[in-house]
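No value in this document is a laboratory result; all are computed from the given coordinates. None of the values given here were measured: they were computed from a predicted structure.
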Amino acid sequence: MGAIVGRSSGAGELRAVAAEAAGCTRCDLYRDATQTVFGEGPAPAPLMLVGEQPGDREDLAGEPFVGPAGRILDAALAAAGIDREGVYVTNAVKHFKWEARGKRRIHKSPNATEVTACRAWLDEELTRVDPDVVVALGAVAVRSVFGKALAVGGLRGQVHELAGRLVVVTVHPASVVRIRGAEERDRALDGMAADLRLAAEASRSR
Ligand code: URA
């Protein structure tokens, strides 16, 4: 389980919620996953980053964004001048969904039912972390945070207000990992960093 840090009652409550989520059977994804990968970081926190679901590395480590997508996320946060230790990082879905290809475990996107089943844990995190701004990383996070499927491209570059919370949308870091050309990858990383900067500014103006 990843570390939830802080001495606030929110952090203490969140540690208890994480312990409960470790036994989650709300959908079938727990069957093939190694463990629940709950969020980590401080509670409360000014920013809460929401990804899709743990990948292969995260499933084994029990921590969000510690694999290749995590390295891109770290680079974008650094470019935006944001300390990862100061933000809460989690996923819309807390179990790794995969299919076997030979000896490899290949990521499969969670479906709407799985996203909805896991939304209760995200709600618990939102209540305890009480972020100024939620950053949705990619389409699955958008589906969970907005409660419906919306195009990521159409939501970027703005600060949205949703049920009293500010929300900023950016691409999923794994989409940057997949870009082959260095220039195009750098541009995508710059765009992600700009979105994260927007989120940090919105949080400071709260
Ligand atoms: N992709 C995600 O969406 N989350 C992780 O934790 C890792 C990869």
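Our coupling estimate for segment 39-55, obtained by passing each phi through the Karplus curve with A = 6.51, B = -1.76, C = 1.60 and θ = phi - 60°, is x, 9, x, x, 9, x, 9, x, 10, 10, 9, 10, x, 8, 7, x, x Hz, Gly and Pro reported as x. Within segment 65-137, the proportion of Cα pairs with more than 14 Å between them is 70 percent.
Taking the centroid of alpha carbons for each part, segment 119-171 and segment 16-38 are 22 Å apart. Here the scattering of the chain is modelled by Debye summation over its C-alpha atoms, one equal scatterer each and no solvent; at q = 0.08, 0.14, 0.15, 0.19 Å⁻¹ the log10 of I(q)/I(0) is -0.24, -0.76, -0.89, -1.47. Between Ile4 and Gly41, the built amide H atoms are under 5 Å apart, and every one of these is 5 or more places off in sequence or on another chain. Straight-distance candidates among the aspartates and glutamates for linking to Lys108, with alpha-carbon spacing under 19 Å and chain neighbours fewer than 8 residues away dropped: Asp28, Asp32, Glu52, Asp56, Glu58, Asp59, Glu63, Glu99.
Calculated mean residue ellipticity, 222 nm, the chain: -13000 deg cm²/dmol, from DSSP H runs (n ≥ 4) at -39500 (n - 2.57) each, averaged per residue and rounded to 500. Remark: C-alpha extents of segment 5-73 on the principal axes read 34, 30, 16 Å, sorted largest to smallest.
Couplings 3J(HN,Hα) of segment 112-122, computed from phi: 4, 5, 5, 5, 5, 4, 8, 4, 4, 5, 5 Hz, in residue order, whole Hz [Karplus 6.51 cos²θ - 1.76 cosθ + 1.60, θ = phi - 60°; x for Gly and Pro].
How much length, in nm to one decimal, is gained on full extension between Ser8 and Thr34, taken as 0.36 nm per residue of separation minus their Cα-Cα distance? Walk me through the numbers before you get to the answer.
Numbers: separation 26, 0.36 × 26 = 9.36 nm, distance 2.97 nm.
Length gained, Ser8 through Thr34: 6.4 nm.
Starting from 0.36 nm per residue, how many nanometres of slack lie between Leu150 and Ala75 once their C-alpha separation is accounted for?
Working: separation 75, 0.36 × 75 = 27.00 nm, distance 2.61 nm.
Roughly 24.4 nm would be gained on extension.
Rounded to the nearest whole Hz, the Karplus-based 3J(HN,Hα) values (6.51 cos²θ - 1.76 cosθ + 1.60, θ = phi - 60°) of segment 184-195 follow the sequence 5, 5, 4, 5, 5, 5, 4, x, 5, 4, 5, 5, with x at glycine and proline.
Once every Cα of segment 103-169 carries one equal point scatterer and solvent is ignored, give the base-10 log of I(q)/I(0) from the Debye formula at q = 0.23, 0.28 Å⁻¹, two decimals. For segment 103-169 at q = 0.23, 0.28 Å⁻¹, log10 I(q)/I(0) is -1.05, -1.35.
Annotation: segment 1-117 has a Kirkwood hydrodynamic radius of 14.7 angstrom, from the mean reciprocal C-alpha pair distance.
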